[in-house]
Amino acid sequence: MSAESGRRRTSRNGAILFTVAVFAAAVAVVLALFGVIGGRVGVTAVVVAALAGWLAASSIHVVMEWEKAVVMRFGKFNRVAGPGIVFTWPLVEFYTLRVDQRVIATYFGAEETLTSDLVPINVDAVIFWMVFSAKKATMEVEDYASAVSWMSQAMLRKAIGRASLSEVATRRDQLDAELKDVLEGKLAEWGITVIDVEVRDIVVPKELQSAMAAEAIAARERNARMILAEAEGDISAMLKDASANYEGDAEAMRLRTMHLAYESVKHSGGTLVIPSAFSEGFTEGPDGADKVARAVQQAAR
């Protein structure tokens, strides 16, 4: 592993050392043969040894586990080789590119991009992708890594231009899904699959932030008033139904009044004083006293 810009990456130092070792071994063998056959090592022997080492190093390659090598023969595609040791014919075959098939994260952004309501915003995002066809990634596009970055940025600008500021700010998941679907269709032609797209940050101009905050507060106050109005409507409907039940029954209405009065002093421990006029309504007739007693008992409950 090697550290670069605070990140840890896998290293190909072992493969490079293997190539150097192959070159050195071929040179040593040729020089040894010249020494045994000719008795001395001259300039010719050095040149021939260097040529043999170059041919050997260009014929034996090490492809890492996560890589694929695209092998060309006389300029035409021949095969996709690897991982492991790959042999090619000197001067006839060569591999143009080692394609990394691991998941790659690419940062991209859209600066000063106008929304559909003409508000300039800055959006940062990251795309996670990988190469599923080394042949297409090599043959269909010159630099597939740069192409992914530029295509992602272009599609992000288009998506922002189709949405308003409020939609971009509040529907981030929808924007992620839209970008993923569009990029999958575009990049599949290059042998690349999109794993995920995530919008990291949306920056609104400072002069609009206070206006958006005021708009959000006003919207919440409006929603609160609407909920309160709906509650008032429900309460008024219930009171209307209750008044219909009490209509024509004066004793029930008085009893309800006693309940309300009792509830008002039940927790405070105060004294409930009942006006004489109130109790007279229960004393009409021979059973008035019993009515008052029953009413008091019911109120006490």
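In whole Å, how far is the Cα centre of segment 127-178 from that of segment 48-87? First find each Cα centre; the distance between them is then 33 Å. Full extension of the segment from Phe74 to Leu228, taken as 0.36 nm per residue of separation minus the current Cα-Cα distance, would add 47.4 nm. Given the Cα-Cα distance of Glu184 and Ala25 and 0.36 nm per residue of separation, how much length would full extension add, in nm? Answer, rounded to one decimal: 52.5 nm. Among the listed pairs Lys180/Lys206; Lys136/Lys180; Lys68/Lys180; Lys68/Lys186; Lys76/Lys186; Lys76/Lys135, those with a Cα-Cα distance over 18 Å are Lys180/Lys206; Lys136/Lys180; Lys68/Lys180; Lys68/Lys186; Lys76/Lys186.
Stretching the chain fully between Glu167 and Val43 yields a gain of 37.2 nm (0.36 nm per residue, less the alpha carbon separation).
No value in this document is a laboratory result; all are computed from the given coordinates. Model, not experiment: these values are computed from the prediction.
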